[in-house]
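Nothing in this text is a laboratory measurement; each read-out follows from the coordinates by a stated rule. Because the structure is a prediction, the values reported are computed rather than measured. In this analysis, Cβ positions are derived from the backbone assuming ideal geometry, glycine residues included, and neighbour counts consider all displayed protein chains.
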């Protein structure tokens, strides 16, 4: 996956690159009410390893495998933990003949989403330290 951006600012050996986010469908559809074709600009911070100046065009490349693994972590872990927690808590509470099993299972599932947030935050912190080679910048 690759995208082009423009260096908008430079500060303390870091550059701030503005990228235009592409729409999810890739098509412009006037009749669609979702407005997914609207492109938005986003600003990202990178170390200035390219000696880039303000106004330079840079290309960012990422490995597809890394993108897929990040998506699984962000979407898969909370979903799996949520479903597992609701199922397990419902099963255990039904064996103990508790009241309001459904509500209590839902509350346990919501708590599991908070726990998954903490897990993802820890994984993200670990990836920031170890996976420096997943994002490549090139000066154009």
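PRE reach from residue 50 (point 7 Å along Cα→Cβ): which of segment 58-84 fall under 19 Å by backbone N? Zone members listed by number: 58-64.
As a footprinting exposure proxy, order 92, 81 by other Cβ within 10 Å, with the fewest listed first. Write out the running numbers ahead of the final one.
Details: 92 13, 81 16.
So the ranking, lowest neighbour count to highest, is 92, 81.
Gain on full extension, evaluated as 0.36 nm per residue between residue 42 and residue 21 minus their Cα-Cα distance, stands at 6.9 nm. At full extension, residue 96 and residue 81 could sit 3.2 nm farther apart than now, given 0.36 nm per residue minus the alpha carbon distance.
Note on residue 125 and residue 10: the model spin-label points, each 7 Å out from Cα along the C-beta direction, lie 3.4 nm apart. By the count of neighbouring beta-carbon atoms within 10 Å, fewest first, 57, 17 end up ordered 57, 17.
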